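Have a look at the structure below, then the notes.
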Amino acid sequence: MNRAEREAAVRRVMAARPVPVPPELYPEAVRRGERLLRRRRLVRRVVWVLVCVAAVVFGVWAAYAHPWVEPPSQTTPPVDGW
């Protein structure tokens, strides 16, 4: 199917009269949509909480470990002038 045929097929579908939806499907669709929104909201909140906890944990670790400070030398420097 080339581009012109695909465009013609899309135009036919868009020009066709929409199929009527049975009224008994509406409450089920609303229920599912609300459930989906609740689930998304919960996932978003959980992700934000995890990000905040990770930031606090990183801050506590950085305050304790001081990763920006050079670690102390493991050998003693040579002694001069004895």
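The values are calculated or read from the model by the stated rules, or taken from the named source; none is laboratory data. Quick caveat, the model's predicted, so the values are computed rather than measured. Here Cβ is always computed from backbone atoms with ideal geometry, including for glycine, and neighbour counts include all displayed protein chains. Heavy atoms of the whole protein, side chains included, go into the accessibility calculation; ligands, DNA and RNA do not. Shrake-Rupley method; radii C 1.70, N 1.55, O 1.52, S 1.80 Å.
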Restricted to the range 48-82, and to residues that are open to solvent by 100 Å² or more (accessible area, probe 1.4 Å), in a loop (DSSP other than H, G, I, E, B) and among the hydrophobic types (A, V, I, L, M, F, W, C), which residue is modelled with the highest pLDDT? 68
Report yes if residue 12 is within 36 Å of the chain's Cα centre (by Cα) and either in a helix (DSSP H, G or I) or in contact (Cβ under 8 Å) with a residue 12 or more places away in the chain (or both), otherwise no. no
